[in-house]
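FYI, it's all coordinate maths here, none of it is from the lab. Bear in mind the structure is a predicted one, so any value in this text is a computation, not a measurement. In this analysis, Cβ positions are derived from the backbone assuming ideal geometry, glycine residues included, and neighbour counts consider all displayed protein chains.
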Amino acid sequence: MPGLIIGLDHRPRLRVSLKPLTGFTLPDLKKLLTFLWSVSPLIDTLHAKYCGPGSLIAPGLEFSEVFNCLPHTCLSDAEWRAPREETAFTHGPPIKTTTKMFQTPDVMRNSSFSKYALLEIATAEDIQTLVSMTDIPIQHEDGQVYNHPGAYDFSGLLKSKRGDQRVQFAQHAGTMDFAAISNWIKVCHGLVSFAINAPRDRIEHILSLNSPVQGTLNTYDVLELLTDIDLSPQAEYYRNLNPRRFPPDLAARQPCPTIDLAEHSWLSPYTFGVELEFLLPYALEVPDRHEKRWTYVLPSDTEPAFISSTIYEHTAEHLAALLNSKGHFSATYNTVKQRRDEPPHAHYASHLATVSAVRGRTVDIVPGASHMYQLWHVSQDSSLTKHLGPILGYSGGVSGFEISSPIFRDRASDFRQILNVLAILRAETRPMLDGTCGTHVHVGSVRPFTLTALKKLACLAWVVDPILSTLVHPVRGAVHHAAPLRKGSNLAENRSLRSYEDLLIGGDDKMLVVEIDSHLPMRGLTSRLQDEFTCIWSAGDHNRLTGLLAAANGTMPPRGSISFDKINCMSGSAFPYGPWEPVLVGTIEFRALEGTLDPVLVAHWARLAVAIVRTAVDAEPAEFFKIMTRLLKERRNSRERLKCFLEVVGMGHTYSYWREIPEQNKSLAALVEQWHPKNRWVGDEPDLAWIERNVVALPKLPRGAADELEKAFKR
């Protein structure tokens, strides 16, 4: 209705009522209530926390007569027992608002109490008795106890009018978003239909998956549940919903968290970020009035001494403003750099709040993470090709820039952000690439690393490094800051390694031998490879391990194709993993990939980097032993080695994307000397011919890029 304004906060709910055409029978309802009790903790994760079982609006089954050991719940408990949860108001300012919650009773689904409650349900003699079991008695301030409608409301089954009996789902946040409404209706319908109609063995299989053996972690998540009950489209919808699970119309009004570092049952704990290096031209006058893509034009009154800094500052600020205008939170190095005389958090927060005003909303800065990694960060890169003077048809020159992403998670929605940013850069500016440009991927985790995990990762990286080298442009192997591990690291250059055979014979460190042999198939390996693995496992701390993989070519910082340089030990931390396992945080940096603004290549490379880290860190010793055995086995050709590697790290479905790339790169190897960045200088002067020959201008992104990106996530 024109002129009608609809406001939503935490009180309105999307209530979905369901009833079979022929009505519910008592056996149907027993199966439904039993199934909902088992899976409701998973279903709760589809909603914002204020819609959880502790909601005052629609409490969960935990508060019902049959599942609560207390005779009633006091409304006053919400004043002091439970923490408040964040909500949103669609017509209020974009600031944090919260609501009171009940303290949810801690009832284990596989406890004796729960089993007794399920027995009561199974022996209920009529529908009225069953409905009374789901009553939620709440004592109000006046001392009176009233039945309160819950998240799963069975009271509608007692309607006197025939055909009006129904079960209602009331936990979903109020929303006017069609996708949110339709997907939740399908989930409700799917749950009821499956609980009533599915074969007993399918139901018992799901219940067993959701009831792990005592002492083990429940890894079954809601997305797996939805898939198992034939709701795959809904699983995909919720997979890409915002981390806080607010409906889109409410999420748009809440402070936007810059990054997601929370643990989610449906999401891998591993994080990643990308650094994209590229060149941008500038001019002394508009170079081509028919070309709509932006180029910085240097003011004619710029002092010669300030030309370089002026180009950087104005271009970087333009890039940041461009990304902000398109909805991507961005700032330059100068905006977020830390001043020594100011508290870091206050300084960063104030600057980031100012930048966020460009977007017309308040961002929620995540504590515990560097503010530089919570936005698209634009900076100058002096290691890239730079020329102040006419070149490539531009009257000014070219300068190097780097855009680094915020911390991302391995999900399609985050890769779409990369696609969007690259589409903006290529459609709105005139980016260029050459052999000096690289693409770096940082892989971390919302959980800390252990030294043992990093040793496993170092061994895995050591074995797969030659395979990774075939997937990148051959010029990268000649770049000092991306030297291959097996050719250019300190470990590769060291000719006096600790001998594995001497370790076995000497018997002075039996525990080290046991640890090595439990993780690695040492028998049958070359003595050199045995000694390299021994050196990795002998590293007493992460600094020693980092030094082994560091580049041996004298560059500063000495980073190679895979670097542990960004891993740090948490100061003052206890050692929860054992007396020799300090808590390590940070990222592993994959630096081998050439400069690219191709979102599909970036996505495949980033996912491959995450897969390598995940495989090494997650594998138990016996599993890791099998992984390394497969990788170290002789293969007939490079394609077989590549296929084996991808299968081992769980990325076998991407073989069709990677299989032709090694041959393409092999054909380019003869031209490495021509592309080598060292040739861009003649003495102290830039070689203009080299720049003209090797710098490549990029067109706008092809129309099919989005479709190609989606294929990266299809198995």
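Mind checking which of 209, 226, 250 is farthest towards the positive end of region 13-254's charge dipole, using Cβ charges of +1 (Lys, Arg) and -1 (Asp, Glu) about the Cα centre? Among 209, 226, 250, the one farthest towards the positive end of the dipole of region 13-254 is 250.
Which aspartates and glutamates have a Cα less than 15 Å from the Cα of residue 510, not counting those fewer than 8 places away in the same chain? Residue 510 reaches 501, 502.
Think of the chain as having a plus end and a minus end, set by charges on the Cβ of Lys, Arg, Asp and Glu; of 316, 328, 417, 417 sits farthest toward the positive end of this dipole.
With the helix formula -39500 (n - 2.57) applied to DSSP H stretches of n ≥ 4, the chain reaches a computed 222 nm mean residue ellipticity of -11500 deg cm²/dmol.
Among residues other than residue 59 whose Cβ falls under 15 Å from its Cβ, what is the net charge (Lys/Arg +1, Asp/Glu -1)? Around residue 59, the surrounding residues sum to -2. Sorting the segments 524-530, 705-711, 54-60 by their mean number of nearby beta carbons within 10 angstrom, highest to lowest, gives 54-60, 705-711, 524-530. In this calculation the C-beta distance from residue 623 to residue 372 is compared with R0 = 41 Å, giving a FRET efficiency of 0.70. Note on region 272-286 and region 444-498: Cα centroid distance 29 Å, given to the nearest whole angstrom. Set Lys and Arg Cβ to +1 and Asp and Glu Cβ to -1, take the dipole of the chain about its Cα centre, and tell me which of 69, 642, 468 lies farthest positive. Of the listed residues, the answer is 642.
Report, in cubic angstrom per residue, the convex hull volume of the C-alpha atoms of the chain. The partial results should precede the final answer.
Numbers: hull volume 158.7 nm³, N = 715.
Looking at the chain, the number lands at 222 Å³ per residue.
Full extension of the chain segment joining residue 139 with residue 630 gains 170.4 nm, where the gain is 0.36 nm per residue of separation less the Cα-Cα distance. Where a ≥ b ≥ c are the square roots of the eigenvalues of the C-alpha gyration tensor, would you call region 13-254 rounded, which needs a/c under 1.5, or, failing that, prolate if a/b is larger than b/c, or oblate? Rounded, because the longest to shortest axis ratio a/c is under 1.5. Peptides 601-610, 105-114, 183-192 ranked from most to least packed, by the mean per-residue count of other Cβ atoms within 10 Å: 601-610, 183-192, 105-114. What you get for region 501-631, charging only the Cβ of Lys and Arg (+1) and of Asp and Glu (-1), is a dipole of about 380 debye around the Cα centre. Modelled this way, with points 7 Å down the Cα-to-C-beta line, the labels at residue 108 and residue 697 are 6.9 nm from one another. Relative to the Cα centre, the charge distribution of the chain, modelled as +1 at Lys and Arg Cβ and -1 at Asp and Glu Cβ, gives a dipole magnitude of about 1260 debye. When +1 charges are put on Lys and Arg Cβ atoms and -1 charges on Asp and Glu Cβ atoms, the dipole computed for region 13-254 relative to its Cα centre reaches about 480 debye.
Peptide packing: for 19-29, 462-472, the average count of neighbouring Cβ atoms within 10 Å per residue gives the ranking 462-472, 19-29, highest mean first.
Were the residues from residue 314 through residue 514 laid out at 0.36 nm apart, the gain over their Cα-Cα distance would be 66.1 nm.
Extension gain, residue 446-residue 643: 0.36 nm per intervening residue step, less the Cα-Cα distance, totals 68.0 nm.
Between residue 306 and residue 687, the C-beta separation translates, for a Förster distance of 25 Å, into a calculated FRET efficiency of about 0.45.
With a simple spin-label model that places each label point 7 Å from the Cα along the Cα-to-Cβ direction, the separation between residue 495 and residue 115 comes to 6.9 nm. If R0 equals 41 Å, the separation of the Cβ atoms of residue 193 and residue 585 corresponds to a calculated FRET efficiency of about 0.35. A simple spin-label model places pseudo-atoms 7 Å from Cα toward Cβ; at residue 81 and residue 158 they are separated by 2.4 nm.
For region 448-669, the relative contact order works out to 30 percent when only alpha carbon pairs closer than 8 Å and six or more residues apart are counted.
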